[in-house]
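Worksheet: the structure to be examined is printed underneath.
The values are calculated or read from the model by the stated rules, or taken from the named source; none is laboratory data. Remember, it's a predicted structure, so these values are computed and weren't measured experimentally. With ideal geometry, Cβ positions are generated from the backbone for all residues, glycine too; neighbour counts draw on all protein chains shown. Please note that ligands, DNA and RNA were not included when accessible areas were found on the heavy atoms of the full protein model with its side chains. Shrake-Rupley method; radii C 1.70, N 1.55, O 1.52, S 1.80 Å.
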Amino acid sequence: LAKNAGKNRYQIFDPEIDRKAQAHRKELELLRHALANGEFVLYYQPKVDLESGDIIGAEALIRWHHPERGLLLPGEFLPLLHGSELENAVDEWVINTALAQASAWHDIGLSMHVSVNVSAGYLLAPTFCADLARALQRHGNVPPAHLELEVLETAAIADMEQAVVVLQRCRQLGVHFALDDFGTGYSSLTYLRKLPVDTLKIDQSFVRDMLNDADDLGIVEGVIQLATVFGRQVIAEGVETLQHGALLRRLGCRVVQGYGIARPLAADAFPQWCQQWQADAAWHTLTVSS
Ligand code: C2E
Ligand code: MG
Ligand code: MG
Ligand code: MG
């Protein structure tokens, strides 16, 4: 079939494939319109240091205010963008919007690190570093070190050599990198040694189940030790309860993120949450005891 395809490309017509391709084109068109129309928004989930109790930053997470279907989570629309030009445009919009937010918070006295998720396609696109430099320039009152880019572990190792080049170039701008969903990508120790990332982000599936699954606990402990050995920071995501926090602290992981601390928040709810956190007794007991 593949051999014939070159010669007589239009002879094989599969209506099912054609229908799917058309549906996908239509969905991409809707997403392009959503971007142009300002229908995407960023929510922010706090990251806190359990040792000091400080809020050290927030992860920006995209949502789509769909005109008919309401607020959609990234799992419902990001996969449609995968590998398209539009994916890069959305990622670039996210970086600019998160920096604008950090800048606005800076102006009201809230000095906040922001983390942004970057797709593998955009990270490896030829324009990535230049776009990033431009975005940082545009929001000059945000120190580049206050921007962290989260890259999936699986994406970073898919094209290691190219990823290393890009990470090195971007780090010269002063930004930081984290390996997201760490532990799910089977990356070898050699890879980790070569990848210039500042932080390992332990995947939430291991964190969530570590209280009653010895294997998951072992992985969490392993990643924390790995980070120590390689001189990297470590953060745990998916921290749903105080017990998770207490155990992570005992294991030597200070920085945590998860529903137990806060769900992702709309930008205008974030400053208020920060004030409330200062008063959240349960988690603060954790920061002085255990
Ligand atoms: P991620 O980067 O690993 O983000 C963490 C996801 O886990 C978020 O889901 C967050 O809401 C959720 N989460 C946080 N704490 C907890 C918890 O304690 N328990 C549970 N069960 N879940 C928790 P969300 O917002 O649906 O995002 C899903 C994924 O979509 C993200 O995973 C990230 O890979 C991707 N994503 C989100 N925003 C963007 C974006 O702006 N650009 C790109 N390229 N990808 C994004
Ligand atoms: Mg992330
Ligand atoms: Mg993750
Ligand atoms: Mg994830």
Fill in the blank from the handout: Restricting the stretch 203-215 to residues that are more than 16 Å from ligand 4 (Cβ to nearest atom) and assigned to a helix (DSSP H, G or I), the one farthest from N117 (Cα to Cα) turns out to be A214
Handout entry: Neighbours by Cβ (under 7 Å, 6+ apart or cross-chain): first from the stretch 219-248, on the phi < 0 side of the Ramachandran plot; second exposed (fewer than 15 other Cβ atoms within 10 Å of the Cβ) and small (G, A, S)
Key = I224/G252; L242/A282; A246/S290
Problem - Answer residue from the stretch 228-244, given it is within 16 Å of ligand 4 (Cβ to nearest atom) and in a loop (DSSP other than H, G, I, E, B) and is farthest from E148 (Cα to Cα) among those - result: E240
Practice task
For the stretch 1-104, please list each of the strands (runs of 3 or more DSSP E) lying entirely inside it that holds at least 3 residues being open to solvent by less than 30 Å² (accessible area, probe 1.4 Å) and modelled with pLDDT of 95 or more.
Solution key: 40-49, 55-66
Fill in the blank from the handout: Per the filter on the stretch 111-124, residues over 22 Å from A34 (Cα atoms), part of a strand (DSSP E or B) and either within 15 Å of ligand 4 (Cβ to nearest atom) or open to solvent by 40 Å² or more (accessible area, probe 1.4 Å) (or both) are H113, S115
Fill in the blank from the handout: Checked against (1) buried (at least 19 other Cβ atoms within 10 Å of the Cβ); (2) touching a residue at least 40 places away in the same chain (Cβ under 8 Å); (3) of a type in the set (A, V, I, L, M); (4) within 30 Å of A269 (Cβ to Cβ), I108 satisfies every condition except (1)
Practice task
Identify the residue in the stretch 175-195 that is on the phi < 0 side of the Ramachandran plot and in contact with a Lys or Arg (Cβ under 9 Å, 6 or more places away or on another chain) and, among all such residues, is nearest to ligand 1 (Cβ to nearest atom).
Solution key: D180
Practice task
Go through the stretch 162-195 residue by residue and tally those that are aliphatic (A, V, I, L, M), within 30 Å of L242 (Cα to Cα) and touching a helix residue (DSSP H, G or I) at 6+ places or on another chain (Cβ under 7 Å).
Solution key: 1
Exercise for the section: Find all pairs meeting these conditions: Cβ atoms under 6 angstrom apart; at least six residues apart or on different chains; first residue within the stretch 136-150 and over 12 Å from S115 (Cβ atoms) and more than 16 Å from ligand 1 (Cβ to nearest atom); second residue modelled with pLDDT of 95 or more and in a loop (DSSP other than H, G, I, E, B). Expected result: P144/L173; P144/G174; P144/V175; A145/G174
Exercise for the section: Could you please let me know if F182 is at pLDDT 95 or above and within 16 Å of ligand 2 (Cβ to nearest atom)? Expected result: no
Fill in the blank from the handout: Residue count, the stretch 245-260, condition part of a loop (DSSP other than H, G, I, E, B) and surrounded by 17 or more Cβ atoms within 10 Å (Cβ to Cβ), comes to 4
Exercise for the section: Out of the residues in the stretch 196-234 that are out of contact with any helix residue (DSSP H, G or I) (no Cβ under 9 Å at 6 or more places or on another chain) and within 16 Å of ligand 1 (Cβ to nearest atom), state the one that is nearest to I261 (Cα to Cα). Expected result: Q204
Exercise for the section: Answer yes or no as to whether G83 is within 16 Å of ligand 3 (Cβ to nearest atom) and of a type in the set (G, A, S). Expected result: no
Fill in the blank from the handout: Looking across the stretch 186-202 at residues that are modelled with pLDDT of 95 or more and more than 17 Å from G238 (Cα to Cα), the single one that is farthest from ligand 4 (Cβ to nearest atom) is D198
